[in-house]
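Participant: Can you read through this structure? Questions will come right after.
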Ligand SMILES: Nc1ncnc2c1ncn2[C@@H]1O[C@H](COP(=O)(O)OP(=O)(O)O)[C@@H](O)[C@H]1O
Ligand SMILES: [Mg+2]
């Protein structure tokens, strides 16, 4: 079992998009194997992008009960009483399969105050770890989408995770941001979670026509070649799927660039985890 955090302090780099499609891809992969466990998606960002896509783009009836739940994920996390089954619902992804990615019922207002609430507790960085302890073995993979920050929420995710994926939009300043994140991961590894492993760096929203992007990818290959995963191109189909509340695998034809990019990524992640 692997707990994989998607981390970058910058917004708009594809964390939520990759979280959704990785969760859907891993669920599809798993559902081909008899007796395999489900995938759980955890949304630590109060913008709830991953939750909204997973629940049908916000237009489906299923979405309202999931984000207005009284007994909900941020409240449970903040009170440290573990996750009861009633907090976890089936999402709508992967759309084209019956085995769905699992998701927490959540609450936007409580998500917004979660960081402050955690800071008021003892061991503030360990709350997600404690919360997941009793349920983690019920899942094959747990994917954690994170807010664009380096605060207490991503810190909880890093402490609870076995692996980190870093989506990076290749532009002039992204290498500086990347060095920052790798330092943050190293720090967590030294102080609290020695098992934490960087699974890979994902050049994301890649536009081949940009000379600058190609240069940055070359630099990344030189500096972090062993960590570089297949890049995800910037494609209208990918954002259209996300907005419509679909995973790319259910929204795009198998031969499309969007499908191929994301299935290459899922395969590479499985390969690195030794689970292909
Ligand atoms: N590979 C891609 N191609 C096209 N649009 C993308 C791609 N990845 C993300 N986007 C779009 O960019 C925006 C930000 O992506 P998102 O995944 O929400 O980033 P983050 O979670 O890092 O803030 C969204 O509107 C999303 O649809
Ligand atoms: Mg996001």
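Participant: Return the pairs, sorted by first residue and then second, in which the second residue is within 13 Å of ligand 2 (Cβ to nearest atom) and in a helix (DSSP H, G or I), the first residue lies in segment 10-32 and is touching a residue at least 60 places away in the same chain (Cβ under 8 Å) and more than 19 Å from residue 146 (Cα to Cα), the beta carbons are less than 8 Å apart, and the residues are 6+ apart or on different chains.
Facilitator: Qualifying pairs under 8 Å: none.
Participant: Which one of these is in contact with a strand residue (DSSP E or B) (Cβ under 6 Å, 6 or more places away or on another chain) and either in a helix (DSSP H, G or I) or more than 16 Å from ligand 1 (Cβ to nearest atom) (or both): 202, 217, 238?
Facilitator: 217
Participant: Moving on. Among the residues that make up segment 166-186, is at least one of them free of Cβ contacts under 8 Å to residues at least 60 places away in the same chain and assigned to a strand (DSSP E or B)?
Facilitator: The answer is no, given that none of the residues of segment 166-186 is free of Cβ contacts under 8 Å to residues at least 60 places away in the same chain and assigned to a strand (DSSP E or B).
Participant: Would you check which residues across segment 140-155 are more than 13 Å from the chain's Cα centre (by Cα) and away from ligand 2 (no atom under 16 Å from the Cβ) and list them?
Facilitator: Answer for segment 140-155, where residues must be more than 13 Å from the chain's Cα centre (by Cα) and away from ligand 2 (no atom under 16 Å from the Cβ): 140, 152, 155.
Participant: Name the one entry in 245, 274 that is at pLDDT 90 or above, more than 16 Å from ligand 1 (Cβ to nearest atom) and on the phi > 0 side of the Ramachandran plot.
Facilitator: 274
Okay, residues lined up against (1) modelled with pLDDT of 95 or more; (2) surrounded by fewer than 20 Cβ atoms within 10 Å (Cβ to Cβ); (3) within 15 Å of ligand 2 (Cβ to nearest atom); (4) at negative phi:
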| residue | (1), (2), (3), (4) |
| --- | --- |
| 22 | yes, no, yes, yes |
| 39 | yes, no, no, yes |
| 44 | yes, no, yes, yes |
| 60 | no, yes, no, yes |
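Participant: At least 1 residues that are under 25 Å from residue 11 (Cα atoms) and touching a helix residue (DSSP H, G or I) at 6+ places or on another chain (Cβ under 8 Å) in each: list the strands (runs of 3 or more DSSP E) lying fully within segment 25-110 that qualify. Break it down into steps so the answer makes sense when it comes.
Facilitator: On the way: elements: 39-43, 88-90, 102-104.
Correct list: 39-43, 102-104.
The values are calculated or read from the model by the stated rules, or taken from the named source; none is laboratory data. These numbers were taken from a predicted model, which means no experiment stands behind them. Neighbour counts run over all protein chains shown; Cβ positions are idealised from the backbone, glycine included.
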